[in-house]
Each structure stands twice: as C-alpha cells, then as structure tokens.
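Trainee: The structure under discussion is supplied below as structure tokens; questions concerning it will follow.
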Amino acid sequence: MVELAFIVINFVLTGLWFPHRVALPKKAPPMPRSMSQSMPALVEVDQPAAVDIRHIFRVLWAGKWAVALTTFLAVLMAGYYGFTIAHPQHAAVTIIETRTTQTLAMPDQTSAPLPPGTQMQILLATPILEQVIARLDLQDDPAFNRYLTPVPPLSPRGLRTTLRNLLQGRSEPVPDAAAIASKLVQNLRAAIRVENPRDSDLLRVTVTTGDPDRAMAIANTLAAVYLADQVARKQDATAASMALLGARSDDLRRHQTAIEAAITDLVARAGLHDPTRPDRLDHDLQDTTARLASAQAALARASDTANTQRLTAQIAALQASRADLAAALQALTAASHARDRMQRDLDTAIAQQAGYQQDLRALTLGAAQITPDSRVLNAATEARYIGPQKLLMVQIAAMVGGLGGLMLVALRHSLRRGFTDAAALQDATGLPVLAQLPLLPSRRPARLLAALDVSTASAATEGYRHLRTTLMLHGTKPPQVILSTSAIPGEGKTTQAIGLAHALALLGKRVLLVDADLRRGAFRHYFALAGTDGLAAVILGHISLGAATEPSPIPGVDLLAGGAQHAAGGETLFAPTLADVVTQARAAYDVVIIDAPPVVPVADAVVLARQCDAVILAVRWDKTPASVVLAAAQKLAAAGVPATGVTLTQIDIRKQAQRGGVGFAHYGRGYFHA
C-alpha cells in the first residue's frame with residue numbers, strides 16, 4: 001500500500017510539473033499594412049517551466065470534488081461489502097507436537113522419521129479430509145457444500161457460470177456424488193492452513209470458517225483423525241510385520257521338515273544307524289592289508305609253480321577285498337559328513353524359528369500398546385474473529401479512493417489540450433493576448449445584449465472594454481476594419497464581435513457589425529433581422545450598402561447580415577467588389593467589425609482578412625486544442641495576413657483561479673460583480 005501511494009504521488013507530480021512543449025516557426029511573415037506593428041517572433045518553447053508548488057496545489061484543489069467523489073464511492077463500496085456482503089470469518093487454532101517414535105517392524109527394517117513438510121501434506125491429504133467430512137457431516141453444511149444453495153441467475157457466480165456454459169456450448173451438468181465429494185474436499189482444504197514454526201517440531205493448524213463452533217470442531221477433529229491415522233498406519237505396519245514373520249516361520253518349518261527327512265533317508269541308505277560299522281570296516285581293511293602284505297612276501301620266497309599260482313590267486317582276491325573295504329569306508333565317511341552338514345542346517349533353522357517366534361510374541365505384545373507419533377499440544381477452545389476488518393477496509397478504501405482521485409485529476413490535467421491562461425497561450429502562439437473574455441452569465445444568444453448592459457458592471461463587460469482599449473492603443477493608428485474569427489466553430493467569435501461593437505459604441509463610435517458567414521449565418525440567433533438581403537447581395541451588386549444595413553438594438557451599431565445562405569459563399573467573397581464594399585463601409589462608419597467563419601474548416605476568413613486592419617483570433621478557454629490554434633495561426637500567416645492577436649474566450653473565472661491562471665476578473669471584485 002505504501003509503494004502504491006508513492007507511485008501515485010510520483011505520477012501526480014510528474015503530470016502536474018512538466019508542461020507540453022509546442023514547436024512553432026521561429027518567425028512569421030510581416031503584416032503588409034502600414035498600421036500593423038511588427039509582430040513578436042514565434043519562438044520554440046522547449047524549456048520546461050519551473051516547479052510551482054502553488055500551481056500544483058491549485059490544480060489539485062480544482063479537482064477536489066473528483067477526489068472527494070472517488071473517495072466517497074470507494075468508502076461506500078468498501079462499507080457495503082464489509083457490512084452487507086462479506087460474511088464474518090472466525091479462526092480456530094490447534095497445535096500438534098510431532099514426536100517420532102519407533103514403529104514396530106521387522107528386526108532388519110528401520111522406521112525413518114517423517115519431516116514436518118511430509119506431515120503437513122498428510123494432514124491435508126484427501127483420505128484425512130474425507131474422514132473429517134464424514135465425522136462432522138460437512139456434506140450437509142452449505143458453507144462447504146455449495147450445491148445445497150441455489151445460485152441466483154443474476155449473481156456474479158450465476159452470470160459467470162452462464163457465460164462459461166455459453167462459451168463451451170453446453171448446459172450446466174448435474175453434479176454426481178464423486179463431484180460433490182471432490183468439491184467438499186477442495187472447499188475444506190481451502191479453509192485449512194497448516195504451518196510449521198521455524199526450528200520446532202510443531203504443526204499449527206488454523207481453520208477459518210464463518211461459524212466459530214464449526215471452526216473449532218474442524219480443527220480438533222482434524223487433529224484427532226490425524227492421530228488416529230498414525231495409529232492405524234502403525235497397526236497396519238505391525239500386522240504386515242507379523243504376517244511376514246509368520247510366513248517366514250512357516251517357510252522355515254517346512255525347510256526343517258525337509259532336512260529331517262533327508263537325514264533319515266541318508267542314515268537309512270548309508271547305514272549310519274550302526275555306530276560301530278566304521279570301526280569294523282577300518283579293522284577289516286587293516287587286516288586285509290596285512291594279509292596282502294604277508295601273501296606278497298610268501299610269493300617272493302616261493303619256488304615251485306603250484307605254490308606261486310596259489311599265492312598269486314590269493315593276492316588278487318585280497319587286493320579286490322581291500323579295494324571294496326576302502327570304497328565302503330570312504331562312502332560311509334562321506335555320508336557321515338553330509339549328515340553333519342544337514343544337521344548343522346537343521347540346527348540353524350531351528351534357531352531362526354525360535355527367533356521368529358520370539359519376534360512374533362514381541363509384536364503381539366506391542367500391538368496392544370501402539371500410540372501415535374504426535375500429540376495435541378493445544379486443542380482449539382475458541383475461535384477468534386479475523387474479518388472482515390471493516391474499519392481497516394474503509395480506511396484503505398478511503399486511501400485508495402483518494403489516490404485514485406488524485407490520479408484522475410493529474411491525468412485530466414496532463415491530457416488537457418486547451419489553454420487555461422494567457423501566458424501559456426502567448427508562449428505557444430507567439431501572439432499577444434489582446435483580452436480575456438469571461439463566460440457570460442447567460443448562454444442564450446437572445447440574452448446577450450442584456451448581459452452586456454452598461455448599467456451592470458461585470459467581469460464580462462469589463463473584458464470587452466479591455467479588448468476595445470487594447471485595439472485602440474495598438475499601433476500608431478487604431479484599426480478601423482476588424483476581423484473576428486476563430487480556429488473552429490463554437491469558440492465565441494460572434495459573441496466577441498457583438499461585445500466589441502457594444503464597447504466601441506459606448507465611446508460614441510458609429511459601428512457596422514457585418515455577418516460574413518455566408519454559409520451558415522450567425523446573426524439570426526442574436527438579432528431579429530428584418531430583411532433577407534445582406535453582404536452577399538451587396539457584393540454581387542443587387543443592393544446598395546446603405547439599403548442592406550439595418551439598425552440593431554445596440555445604440556450606434558448597424559447590422560449587415562450575410563443574406564441568403566449558400567455553399568458558394570467562399571466564391572462570392574473572392575469577387576473584386578468586396579474591396580469596394582469595405583471601402584464604402586470605411587467611409588460610412590468609424591469602425592467596421594466583420595464576424596468571419598472559422599479559419600481551419602473554410603478559407604473565407606483568410607479572404608476577408610486581406611481587407612481588414614486587424615485580425616482577432618478567438619480561442620476558447622480550456623477547450624480548443626493547441627494544435628488547432630497553431631494550425632489556424634499558421635494558415636493566416638501563410639496567406640500573408642497573420643493574426644494581430646488572440647483572445648481567450650468563455651473563461652470560467654472560478655475554475656481559472658483554482659487552476660492558477662492569472663486573470664483580472666479574479667482580482668476585480670471591488671470594481672464589478674465577478
């Protein structure tokens with residue numbers, strides 16, 4: 001919020017400090033008339049004005065009602081939302097201490113502690129939340145099951161749903177049980193916030209709902225379900241361990257039975273049931289070996305053939321017997337070793353079986369004493385009110401509304417294309433500001449003369465006197481033929497011409513007021529004209545100047561209307577007789593004031609300006625864009641008839657003073673009615 005305020009203030013000050021720069025030709029062509037004074041050079045204004053704090057505050061003060069309106073609307077909307085739309089919110093807090101205890105498991109398995117982040121995810125897991133929903137019947141609570149509350153078609157939610165369905169080209173589907181359950185879990189999860197304070201084993205569970213009792217119930221139920229889930233997970237792990245141990249014990253029992261059967265079969269086949277057999281075989285083998293040695297010695301001493309043959313046969317029989325005895329003894333020894341190995345395997349299986357049985361007894365005993373890893377350190381006993389913070393909301397809304405109003409004022413000021421004071425107009429155009437003409441009390445043309453009544457001293461009448469004085473003192477000789485024009489329609493050029501004629505008539509001057517707008521005509525809105533012929537008929541020679549003029553309600557002022565309006569007015573003004581008409585008017589009147597069409601849309605004013613001694617360009621206060629004013633001034637200068645000066649017309653005196661403009665009307669309260 002503080003950063004936003006600084007951004008807005010920077011935007012406001014930037015928009016109010018730096019003026020727009022307008023580039024113009026450095027020099028304008030000189031006026032051809034001897035009465036014309038040398039015009040001030042049109043300069044290029046490219047230096048930003050100095051910072052004027054008073055000007056900034058005046059501009060902001062001028063937009064005080066906009067700031068007040070935006071602030072009021074922001075406060076009104078915030079108050080309406082906070083006191084009418086927004087529902088009260090209450091928060092209940094349960095603190096859980098996470099303790100890591102050893103889960104009963106297999107001897108060769110370990111239970112790693114769960115980090116706090118994992119436990120936070122478990123707390124918000126769908127199975128846990130589904131149990132909370134089931135225990136508290138949240139499916140019947142409209143705060144969580146929004147399908148229970150019909151959605152008004154014109155509510156924001158209803159409009160959003162309708163628009164989405166139209167864009168997707170489908171109708172609103174009827175939610176099934178799965179969709180409702182999923183939405184319930186989603187809404188419940190959105191109402192729960194789990195935090196792990198730094199450097200601690202605590203979980204801070206905050207539940208926010210509109211009902212304080214419901215918030216406490218959800219917080220405590222969630223903690224209870226979480227602890228019960230830990231117990232259930234331990235019980236499942238213990239049951240799985242016991243099942244695994246039982247399966248391993250059964251496998252060992254079957255293995256033990258197989259080993260015992262193999263030992264019994266080996267003993268029966270190898271004759272290992274007689275413990276004296278190995279000794280007997282060894283004795284027989286030694287005896288046979290001794291007899292074989294004796295027979296071999298006798299064979300060496302025998303000399304007769306019969307005895308040699310007998311000993312040879314005896315030796316062969318003894319050798320075969322000794323080989324059989326050695327093979328039998330070797331087979332018996334191998335079988336004995338195999339039986340010993342089987343016996344060792346059997347002993348190992350028996351020991352493992354005993355260990356498994358001991359583990360099973362320990363698991364069975366521990367299953368009855370399972371406790372959760374965590375405990376509730378602080379249960380929720382109350383739910384505190386957390387929002388909406390109505391006073392804070394209104395204060396923030398007032399600040400935002402005020403800053404928004406300041407931004408609007410600054411934006412409007414920076415986007416303003418018109419001129420609000422004479423100095424800016426003169427700097428931009430390089431032309432002298434002949435007068436500042438306040439807005440008349442009445443905007444109706446028929447009441448213009450009453451507003452200019454000499455008996456009423458006002459800022460408006462004094463503005464036209466100021467214009468009269470400036471023109472009379474301009475140059476060595478006062479201008480006799482004066483052209484009143486503007487850049488575009490609606491800038492007050494006709495009112496300016498009538499007001500100037502009125503002011504000159506007060507000096508006893510005989511004034512001819514000419515309506516030179518042959519295309520549209522303007523005098524018929526201000527005067528009750530008697531004839532239909534006018535300037536066009538005089539130029540074309542259809543009627544004389546004296547016959548075409550008629551008196552006006554202003555003493556000393558005669559009127560020359562434009563006559564019948566037609567689109568070819570510009571061609572009529574190009575007639576050579578125009579100069580003769582102006583010459584006749586010069587001879588018959590002290591001052592001739594010509595009300596010409598605007599310069600930018602048509603070229604009539606440029607044609608008329610060549611017959612005039614002074615050209616007054618009316619610029620509407622705070623309205624006419626600077627680019628349009630410059631285009632009109634350049635158009636006149638390019639034709640060799642640059643404007644003598646400009647006037648700032650239709651000035652709102654009060655607003656001009658608020659925006660820092662300098663005008664005599666603001667300081668003339670002691671001399672006339674402002």
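Trainee: Hey, which of these cross-link pairs are over 22 Å Cα-Cα: K64/K655; K493/K635; K509/K635; K493/K623?
Mentor: Beyond 22 Å: K509/K635.
Trainee: Per residue, how much accessible surface does region 292-400 expose to a 1.4 Å probe? Answer in Å², no decimals.
Mentor: The answer is 63 Å² per residue.
Trainee: Out of region 188-245, which trypsin sites (Lys or Arg not before Pro) are coil in DSSP terms and have no more than 16 other C-beta atoms within 10 Å?
Mentor: Passing sites in region 188-245 are R198.
Trainee: Project the alpha carbons of region 129-188 onto their principal axes and report the range along each, largest first, in whole Å.
Mentor: Principal-axis extents of region 129-188 (Cα, largest first): 39, 20, 15 Å.
Trainee: Now, a different point. Can you pull the percent of region 89-238's accessible area that's carbon plus sulfur, 1.4 Å probe, other chains left in place?
Mentor: 57 percent
Trainee: A further question on this structure: Treating the Cα atoms of region 352-426 as identical point scatterers in vacuum, please give the log10 of the normalised Debye intensity I(q)/I(0) at q = 0.20, 0.22, 0.23 Å⁻¹, two decimals.
Mentor: After summing over all Cα pairs, the log10 values are -0.99, -1.05, -1.07.
Trainee: Additional query: Straight-line reach from K234: which aspartates and glutamates fall under 19 Å, measuring Cα to Cα and dropping same-chain residues less than 8 apart?
Mentor: E97, D108, D359, D373
Trainee: Let me know the charge dipole size of region 477-596 about its Cα centre in debye, to the nearest 20, where only the beta-carbon of Lys, Arg (+1) and Asp, Glu (-1) is charged.
Mentor: Its charge dipole is roughly 220 debye.
Trainee: What chymotrypsin sites (Phe, Trp or Tyr not before Pro) in region 478-576 are in a loop by DSSP, with at most 13 other Cβ atoms within 10 Å of the Cβ?
Mentor: F574
The values are calculated or read from the model by the stated rules, or taken from the named source; none is laboratory data. Keep in mind that this is a model prediction, so the values were computed, not measured. For neighbour counting, all protein chains shown are included, and Cβ atoms are generated from backbone atoms with ideal geometry for every residue, glycine included. Quick note on the areas: whole protein, heavy atoms, side chains included, nothing else; ligands and nucleic acids left out. Shrake-Rupley method; radii C 1.70, N 1.55, O 1.52, S 1.80 Å.
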